[in-house]
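Structure first, then comments.
The values are calculated or read from the model by the stated rules, or taken from the named source; none is laboratory data. Everything quoted here is computed from the prediction, not taken from an experiment. No Cβ is skipped: glycine too gets one built from the backbone with ideal geometry, and neighbour counts run over all protein chains shown. Just the protein is used for accessible areas: all its heavy atoms, side chains included, with ligands, DNA and RNA removed. Shrake-Rupley method; radii C 1.70, N 1.55, O 1.52, S 1.80 Å.
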Amino acid sequence: GNGFPLERSAGKKVFLIGGGIGIPPMLELARELPASTEKQIIVGYRDDQLFLKEDLEENGTVYIATEDGSVGTKGNVLDAIREQNLTADVIYACGPTPMLRAIKEYAAEKGIKCYISLEEKMACGIGACLACVCQSKDVDHHSNVHNKRICKDGPVFLAEEVEL
């Protein structure tokens, strides 16, 4: 598989967006990005159980959204972005599919380069079983259909390459 393209962020303002189990990958990405990157970490939780909050704050400016409104913005990560009037040159995101779908639409609307990490069930992990495919714009050289194997071709994709 692959990871987020770190070189795309040097000297730029980025969103690192994580929702639920997509939050830990954003912490590691924040640690790996070049020092010249302005990191805006937008994370979404269900409630006030803010795991990794302090670690995230050590690696960028953190904005929190909670579904129940107990901390930060009431709503989702895009609600927090809009409430804070945040802007970015590049988006990196990991989390549930509905969140990624909304972020993909937001990025297209704003003309922002967006990379998403897909969380799919993977069986073999080597690209043979095709259990983790997602629909793509391009034809997969393995299956000769419009699929990408998340385990082999991803899990990180340029948002416009895949259908959610």
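The table below lists the values:
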quantity: Residue count for the stretch 52-66, restricted to those that are assigned to a helix (DSSP H, G or I) and open to solvent by less than 30 Å² (accessible area, probe 1.4 Å); calculated: 1
quantity: Every residue from the stretch 1-51 that is of a type in the set (A, V, I, L, M), at pLDDT 95 or above, closer than 21 Å to Ala65 by Cα and not in a strand (DSSP E or B); calculated: Ile23, Met26, Leu27, Leu29, Ala30, Leu50
quantity: Some residue of the stretch 19-27 being over 16 Å from Gly95 (Cα atoms), of a type in the set (Gly, Ala, Ser) and open to solvent by 20 Å² or more (accessible area, probe 1.4 Å); calculated: no
quantity: Residue in the stretch 95-111 that is farthest from Arg8 (Cα to Cα), counting only those that are free of Cβ contacts under 8 Å to residues at least 40 places away in the same chain and surrounded by 14 or more Cβ atoms within 10 Å (Cβ to Cβ); calculated: Ala102
quantity: Boolean, Tyr92 is hydroxyl-bearing (Ser, Thr, Tyr), open to solvent by less than 60 Å² (accessible area, probe 1.4 Å), assigned to a helix (DSSP H, G or I) and within 24 Å of Lys12 (Cβ to Cβ); calculated: no
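Conditions tested, residue by residue: (1) open to solvent by less than 50 Å² (accessible area, probe 1.4 Å); (2) of a type in the set (A, V, I, L, M).
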| site | (1), (2) |
| --- | --- |
| Asp68 | no, no |
| Ile81 | yes, yes |
| Ile116 | yes, yes |
| Ile126 | no, yes |
| Asp138 | no, no |
| Asn144 | no, no |
